[in-house]
Amino acid sequence: MCLAIPGKIESVSNDRDPLLRSATVAFGGVRKNVNLCLVPDADIGDFVLVHVGIAISRIDEDEARSTLATLSELGEIEELSP
Amino acid sequence: MEVCGGQTHGLVKNGIQELLPEGIQLIHGPGCPVCVTPIELIDHAIELATREGVILCSFGDMLRVPGSDKSLLQARAEGGDVRVVYSPLDAVDIAREIPDRQVVFFAVGFETTAPANALSVLQADRLGLKNYSILTSQVIVPPALEAILDDPDSSVDGFLAAGHVCAIMGLEEYEPIAHKYGVPIIATGFEPVDLVQGILMVVRQLESGQSHVENQYSRAVPTSGNTRARDIIQQAFSVTDRKWRGFGKINNSGYRLKEPFVDFDAARKFGLTSTDTKSDNDCRAGDVLKGILKPISCPHFGNKCNPEHPLGAPMVSSEGACAAYYYYSSINETI
């Protein structure tokens, strides 16, 4: 239930009420309407982590790259390559 | 101990336990909200589902969990209006679309889900809905970690903290626990490489005699968490004592709706009171949730208890440890 899935924001509907701001988010081939009120800075093109229809975190690209670099040092990165 | 049941599934599904060197043992934690929800609340949900004019909305995981006499799925088969929703906000939409029925959302969850449950109440309030309420079973992680560490049967040397809980709450509240009990606590993600890196970070701290909080999952977890999410939680909820299945009452381990929102509290709205529960089967969920018993060491695992006919919640929840072993692990393994 704490499962959260990263997806990419494709379009944003800027409702006047910040509680209702939402976006269409693509998870691979699946698109869902997602509430954005917890990530007010998130915009089109950003990756967000979505839990029960609500984006709970904007995924930090620099930090993701840093994790990949650490895994590369550990020799794990080859396993991630297709 | 990996705290979150999602992490347990990642570890078992990917065979990570079998690859670890001798001396590193993973103990599966209580981070499965469906599993720790007490039977009493499941009975309340079933009672509501069978009332005239009530639509009971729930996450799908809850439906097969046995209550005292039946599950929500059986209540639905007997005519109860039980609807599975993806989000609490979907339940608000149902309330908006069907104004002459009372819509109750079974709001289970840890801190990850608390903002969503809170937001559903704030939205319903904003929309002036009088036919929406939540049956709250919101629990919070740090008091449970302390309960585990205080248990004399526990032998946990370090924690992989639940990454998505930390995405909301941040890391600060774990520092006092790491310091007090001398255990490393690593906020960890859910991919196989995240889990392996989290384990490595715990081991490195233990080998160098350290015990502090670190962040493996920094791409999704800012140190301070999500302040806006915590604001929304604080608008709707205050901290309260909660009963956990397997643990009993843990002080300050959950949320309840604050005074301005009591009209959205299903327990109050429908006059639900404490009832006797019965659990006449031999489910050992409590020991599994505390990490004292491995699922495959339970005498009922895979025979009397399976996902089709579960004795308890850990066998049916998508985050339950018993379900993880049932689906992904060899029954002959001896971990």
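Sorted largest first by accessible area at a 1.4 angstrom probe radius, with every protein chain in place, the residues B:R230, B:R268 fall in the order B:R268, B:R230.
Taken about its Cα centre, the protein assembly as shown carries a charge dipole of about 1160 debye when Lys and Arg each add +1 at the Cβ and Asp and Glu each add -1 at the Cβ. Projected label points at B:E22 and B:Q74, each 7 Å from Cα along the beta carbon direction, are separated by 4.7 nanometres.
Note on A:R16/B:S208: beta-carbon distance plugged into 1/(1 + (r/R0)^6) with R0 of 35 Å gives a FRET efficiency of 0.05.
Stretching the chain fully between B:D153 and B:F270 yields a gain of 38.1 nm (0.36 nm per residue, less the alpha carbon separation). The alpha-carbon atoms of region B:186-262 define a convex hull whose volume equals 151 cubic angstrom per residue. Each Lys and Arg contributes +1 and each Asp and Glu -1, all at the Cβ; summed about the Cα centre of chain B, the dipole is approximately 580 debye. At q = 0.09, 0.12, 0.14 Å⁻¹, what is the base-10 log of I(q)/I(0) for chain B according to the Debye formula with one equal point scatterer per Cα and no solvent? Please give it to two decimals. So the normalised log intensities work out to -0.47, -0.83, -1.11. By the rule of a second cysteine Cβ within less than 4.7 angstrom, the protein assembly as shown holds isolated cysteines at A:C2, A:C37, B:C4, B:C57, B:C166, B:C283, B:C298, B:C305, B:C322.
Could you list the residues of region B:217-253 with an amide nitrogen less than 13 Å from a label point located 7 Å from the Cα of B:N14 in the Cα-to-C-beta direction? Label zone hits: B:217. Restricting the calculation to Cα atoms, every distinct pair contributes to the Kirkwood radius of the protein assembly as shown, found to be 21.8 Å. Beta bridges from DSSP with both residues in region B:1-135: antiparallel share about 0 percent, rounded to the nearest 5. B:F301 contributes an accessible area of around 20 Å² to the protein surface, as traced by a 1.4 Å probe with all chains present. Restricting attention to the protein assembly as shown, lysine pairs at least eight places apart or on different chains and with alpha-carbon atoms under 18 angstrom apart total 12. B:V239 contributes about 80 Å² of solvent-accessible surface, heavy atoms of the protein only, 1.4 Å probe.
The values are calculated or read from the model by the stated rules, or taken from the named source; none is laboratory data. Keep in mind the model is a prediction, meaning the values are calculated, not measured. A quick note on method: Cβ atoms are made from the backbone with ideal geometry, for glycine too, and the neighbour counts reach across all protein chains shown. Only protein heavy atoms, including side chains, enter the accessible area calculation; ligands, DNA and RNA are left aside. Shrake-Rupley method; radii C 1.70, N 1.55, O 1.52, S 1.80 Å.
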